[in-house]
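Working notes, beginning with the structure itself.
The values are calculated or read from the model by the stated rules, or taken from the named source; none is laboratory data. Since this is a predicted model, take the numbers as computed values, not measurements. Here the Cβ is made from the backbone with ideal geometry for all residues, glycine too, and neighbour counts use every protein chain on show.
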């Protein structure tokens, strides 16, 4: 019994720091589709202090909506206050999986000998595993040793990843770092009854020293060196250990997670087994890399949440994956920090109307203290989206600085490199070669008009040349990332059909010129048979209709000195993909893109662009 | 039924309250089960390990780390006096000795023969935990702290500044809308917890600091004044450590917002009573909100804490609007349509219909209300 049983109904949840999101995936007419979704506030707060309450609420909403959808009151997903997993056909659900970033996610501290070498590799391993890196302690980070000890003591991370030294290299610095960690005797953030997990992934020659120094004080786990030689990273084993410890230690301490961990189950080889809860960003990373590999493209993705903004990218021919977390850039808990980081001026430069400054400041703080509220007034929506642009912009700056080639290694130089003058340690983020930009997170996925998501993505990331744009419709990438663990077929089918919503393409010549001069001569044969032809002056935006699955044949010639991908002044003939919004021709300039400083000049310009983008109702523009 | 709304802040005239009073590390508990304690009483204390000071002994002695052992005059675990010789080389026939003295009073944590580094620890720092509320010790957690229980009038604030303080409640505002002027704060407010109305200005806070007010309770505060007071912008809502000489509890939010009637009336009914308050706010993992605790008389058998439950949103439920428009107003739910509805911002959301205290009938996203328990 059960061996040949197909997965017919799957529930997946993502317990975020603000909201618990649930989706129902069903096997309908020979394919997997996401059919219903629900959400409820996450309940790690007192007095409930139990994450499963929020899960039950979010799944109850699924149940109600499924009943409405199928007009069938017998549909039941919750039994005895828990998710009902049943092997009987038509009863309960066949599998339940979940990701989690509640409780502030996984907070780690990493150490390395040289900050820019093994330190950075350790950071990459931790980030790739879905962690927030609270601090990087390195032998050469210029802080005095006592300051480092104080810092380790204060931070109370969930775990520490120690790297340092290539295999066979110096052991002294690694030993010294271990002594500092030992002296700080750090206590874990959640629960004082267990020892802090420390993963050592450094020079193998120092393993015994590390055991001696930290073996008794911490819960020490030793794994392969994550930078065995300077020219190569080996992040997999360290990442796997982080995931194991996340489940065993961190999640088990968070309120209600023990219960939740016993609920997440799915059939593997016909047997119902436990499916570990994944850190949300790790699950998103899984899915992003899959898209890049299947389609052989470069992808940049962003997930802007309440507390943090994650940026994921897959660049270069080798499909190098990078993830960064901007721990204090977000749209609710951290919204006030966006203001502190970007400054009021940078936010207001995206706002097409006058607003009383102190009113805006109070609005931002009120969102911070009541993070689950949503903008009911149109003006507040415009303001939140202006703040989102700045949060995204800053998160992207941090990502570009982090996503770099390995430093310190002897790079084999080829003739092409000599011309490109590429150096070790340069950012591998290349907006010109980027194929697909994906946005997700509440402010992006729940934007009332998809045109708003297009505008936010373009204004914040400034894509260059030709780039496809998409959003994760209801931010189900995390759930699909963990779903892939039990059924890759279900995950990829839902991903293609229900998850990504293609918004369209953006064409943006790189360079700058005087306003009024021709920046792009475009000829587009649109799917409806119309031919659009215009010499578009510098400083304009055009939006052309071209639907999902449709393409427009385009001939694009950049203005003098500008480049759309084939080199300065070079014409391109290509097919542009459409989407729910269409094709954007953006001649506002790149490197630099600039907005007038004077409000009297800027506001009319913003209004003109926003009208062309069709982002907001006329009355506000 | 679906619960897409925020659980409200608790405002109640009587609740059985349990407070954990735990040391940051293991130490000594000074009270026993059944003891009656006052807010100011110390219930547990410990010694926090002193700061660790790394000291490169091999370097100072100009010897290789592996040879350090033969010159040591001290060992790990030894107590140290400032100026005490820790290591000394033999020199030539007793001359040209190099000695290294301790830079501090404290003890030796570790001496590494691999790196030649010593870790010295400064003397321990005493830490005390006070009861914070008047009540009865109901549980002693060995070497860690206690759980105190009492019956209190209890108000949760939305945002606050600075740590634990107590004082007598004094009403400065006569209505929940009133805005207090600095001149209203005089010497009679010293050591008191003063209750203001809809807004406290920077000047009011400054005057309160000057007079020696223990705490301020207000409906709202302007972000600009907050920044001026602290000298920095609060990026993430983690507060409680501010050294501003008094505690501030904001009950409604930022801007001028009338204090909720039931909060104001409750405080008024306890004028002259002692209140324990703190402004500790953490709106992230393990959410913490500021609290106002006013202990009331109780009999022992009354101490039965009710199980925490989530208030339900139904027709007739009292709610507070927590976002513009109508921010801060109270109303009653008149309808809960199931279907998603488009609001002014064009967002499709689940809404509720309500009649506000000013008689206005409105529709509000469910996410933008808080349930007020009555």
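If a residue has to be away from chain A (no Cβ under 14 Å), over 19 Å from residue A:144 (Cβ atoms) and in contact with a strand residue (DSSP E or B) (Cβ under 8 Å, 6 or more places away or on another chain) to count, how many in region B:83-110 make the cut?
Applying the first criterion (away from chain A (no Cβ under 14 Å)) to region B:83-110 yields B:83-102, B:105.
Next cut, over 19 Å from residue A:144 (Cβ atoms) only: B:83-99, B:101, B:105.
Among the residues that remain, those that are also in contact with a strand residue (DSSP E or B) (Cβ under 8 Å, 6 or more places away or on another chain) are: B:83-89, B:97-99, B:101, B:105.
Here the count works out to 12.
Considering A:546, A:574, which residue is over 30 Å from residue B:343 (Cα atoms) and under 31 Å from the mean Cα position of the chain (by Cα)?
Details: A:546 fails: over 30 Å from residue B:343 (Cα atoms).
Answer to the selection: A:574.
Mind listing whichever residues of region A:20-52 are facing another protein chain (nearest Cβ under 9 Å) and either surrounded by 23 or more Cβ atoms within 10 Å (Cβ to Cβ) or assigned to a strand (DSSP E or B) (or both)?
Listed by number, the residues that qualify are A:38, A:39, A:40, A:41, A:43, A:44.
Here are some conditions: (1) within 7 Å of chain B (Cβ to nearest Cβ); (2) not in a loop (DSSP other than H, G, I, E, B). Residue A:387 meets all but one. Which one does it not meet?
Checking residue A:387 against (1) within 7 Å of chain B (Cβ to nearest Cβ); (2) not in a loop (DSSP other than H, G, I, E, B), the one that fails is (1).
Within region A:237-259, is even one residue modelled with pLDDT of 80 or more and over 30 Å from residue A:195 (Cβ atoms)?
no
Tell me which strands (runs of 3 or more DSSP E) are completely within region A:269-317 and hold 3 or more residues being under 20 Å from residue A:457 (Cβ atoms) and in contact with a helix residue (DSSP H, G or I) (Cβ under 8 Å, 6 or more places away or on another chain), or say none if there are none. Lay out the reasoning, then the answer.
Working: elements: A:271-274, A:299-304, A:309-315.
Of the strands (runs of 3 or more DSSP E) lying wholly inside region A:269-317, those with at least 3 residues that are under 20 Å from residue A:457 (Cβ atoms) and in contact with a helix residue (DSSP H, G or I) (Cβ under 8 Å, 6 or more places away or on another chain) span A:299-304, A:309-315.
Mind telling me which of the residues B:20, B:41 ends up being outside the structural domain of residue B:109 (by TED's automatic domain parsing), in contact (Cβ under 8 Å) with a residue 24 or more places away in the chain and within 30 Å of residue B:252 (Cα to Cα)? Reasoning before the result, please.
Numbers: B:41 fails: within 30 Å of residue B:252 (Cα to Cα).
Answer to the check: B:20.
Within region B:167-189, how many residues turn out to be farther than 19 Å from residue B:250 by Cβ and in contact with a strand residue (DSSP E or B) (Cβ under 9 Å, 6 or more places away or on another chain)?
Of the residues in that region, 2 qualify.
For region A:137-148, enumerate the residues that are part of a strand (DSSP E or B) and within 14 Å of chain B (Cβ to nearest Cβ). Let's see the steps before the verdict.
Restricting attention to region A:137-148, the residues satisfying the condition of being part of a strand (DSSP E or B) are A:137-138.
Scanning region A:137-148 gives a single hit, A:137.
Scan region A:173-187 for residues that are closer than 13 Å to residue A:208 by Cα and within 33 Å of the chain's Cα centre (by Cα) and report the count.
Residues meeting the conditions: 2.
Could you list, in sequence order, all residues of region A:96-114 that are touching a helix residue (DSSP H, G or I) at 6+ places or on another chain (Cβ under 9 Å) and surrounded by fewer than 24 Cβ atoms within 10 Å (Cβ to Cβ)? Please lay out each step first, then the result.
Taking region A:96-114 and keeping what is touching a helix residue (DSSP H, G or I) at 6+ places or on another chain (Cβ under 9 Å), we get A:96-103, A:105-114.
Within region A:96-114, A:107, A:114 meet the criteria.
If a residue must be in a strand (DSSP E or B), facing another protein chain (nearest Cβ under 10 Å) and crowded, with 19+ Cβ neighbours inside 10 Å, how many such residues does region B:307-358 contain?
So the count comes out to 3.
Is there a residue being within 12 Å of chain B (Cβ to nearest Cβ), surrounded by fewer than 24 Cβ atoms within 10 Å (Cβ to Cβ), closer than 26 Å to residue B:121 by Cβ and at pLDDT below 90 anywhere in region A:194-201?
So the first thing to find is which residues in region A:194-201 are within 12 Å of chain B (Cβ to nearest Cβ), and the list is none.
No, there is no match, as no residue in region A:194-201 is within 12 Å of chain B (Cβ to nearest Cβ), surrounded by fewer than 24 Cβ atoms within 10 Å (Cβ to Cβ), closer than 26 Å to residue B:121 by Cβ and at pLDDT below 90.
Which ones in region A:365-383 are in contact with a helix residue (DSSP H, G or I) (Cβ under 8 Å, 6 or more places away or on another chain), within 7 Å of chain B (Cβ to nearest Cβ), farther than 18 Å from residue A:20 by Cα and without any contact (Cβ under 8 Å) to a residue 60 or more places away in the chain?
Those that are in contact with a helix residue (DSSP H, G or I) (Cβ under 8 Å, 6 or more places away or on another chain), within 7 Å of chain B (Cβ to nearest Cβ), farther than 18 Å from residue A:20 by Cα and without any contact (Cβ under 8 Å) to a residue 60 or more places away in the chain: A:365, A:368, A:375, A:376, A:380.
Of all residues in region B:359-374 being within 36 Å of the chain's Cα centre (by Cα) and assigned to a loop (DSSP other than H, G, I, E, B), which is farthest from the other protein chains (Cβ to nearest Cβ)?
Checked region B:359-374; the qualifying residue farthest from the other protein chains (Cβ to nearest Cβ) is B:374.
Of the residues B:130, B:142, B:113, which single one is within 14 Å of chain A (Cβ to nearest Cβ) and within 30 Å of residue B:16 (Cβ to Cβ)?
Numbers: B:130 fails: within 14 Å of chain A (Cβ to nearest Cβ); B:113 fails: within 30 Å of residue B:16 (Cβ to Cβ).
Residue meeting the stated conditions: B:142.
So which strands (runs of 3 or more DSSP E) are wholly in region A:521-598 and hold at least 2 residues that are surrounded by fewer than 14 Cβ atoms within 10 Å (Cβ to Cβ)?
Hits in region A:521-598: A:531-537, A:572-577.
Restricting attention to region B:62-75, does a residue exist that is within 14 Å of chain A (Cβ to nearest Cβ), outside any helix (DSSP H, G or I) and either surrounded by 19 or more Cβ atoms within 10 Å (Cβ to Cβ) or free of Cβ contacts under 8 Å to residues at least 40 places away in the same chain (or both)?
So far as region B:62-75 goes, no, none of its residues is within 14 Å of chain A (Cβ to nearest Cβ), outside any helix (DSSP H, G or I) and either surrounded by 19 or more Cβ atoms within 10 Å (Cβ to Cβ) or free of Cβ contacts under 8 Å to residues at least 40 places away in the same chain (or both).
Okay, residues lined up against (1) free of Cβ contacts under 8 Å to residues at least 24 places away in the same chain; (2) out of contact with any strand residue (DSSP E or B) (no Cβ under 8 Å at 6 or more places or on another chain); (3) assigned to a strand (DSSP E or B); (4) closer than 21 Å to residue A:277 by Cα:
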{"residue": "A:75", "(1), (2), (3), (4)": "yes, yes, no, no"}
{"residue": "A:91", "(1), (2), (3), (4)": "yes, yes, no, no"}
{"residue": "A:98", "(1), (2), (3), (4)": "no, no, yes, yes"}
{"residue": "A:109", "(1), (2), (3), (4)": "no, no, yes, no"}
{"residue": "A:122", "(1), (2), (3), (4)": "no, no, no, no"}
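Within region A:129-136, is there a residue that is crowded, with 22+ Cβ neighbours inside 10 Å, touching a strand residue (DSSP E or B) at 6+ places or on another chain (Cβ under 6 Å) and within 13 Å of another protein chain (Cβ to nearest Cβ)?
Within region A:129-136 (the criterion being crowded, with 22+ Cβ neighbours inside 10 Å, touching a strand residue (DSSP E or B) at 6+ places or on another chain (Cβ under 6 Å) and within 13 Å of another protein chain (Cβ to nearest Cβ)), the answer is yes, since at least one residue qualifies.
Quick check on this structure: which one of A:151, A:143 is surrounded by fewer than 22 Cβ atoms within 10 Å (Cβ to Cβ) and touching a residue at least 12 places away in the same chain (Cβ under 8 Å)?
Working: A:143 fails: touching a residue at least 12 places away in the same chain (Cβ under 8 Å).
Exactly one of A:151, A:143 is surrounded by fewer than 22 Cβ atoms within 10 Å (Cβ to Cβ) and touching a residue at least 12 places away in the same chain (Cβ under 8 Å), namely A:151.
Among the numbered criteria (1) buried (at least 24 other Cβ atoms within 10 Å of the Cβ); (2) away from every other protein chain (no Cβ under 14 Å); (3) outside any strand (DSSP E or B), which single criterion is violated by residue A:333?
With (1) buried (at least 24 other Cβ atoms within 10 Å of the Cβ); (2) away from every other protein chain (no Cβ under 14 Å); (3) outside any strand (DSSP E or B) applied to residue A:333, the lone miss is (2).
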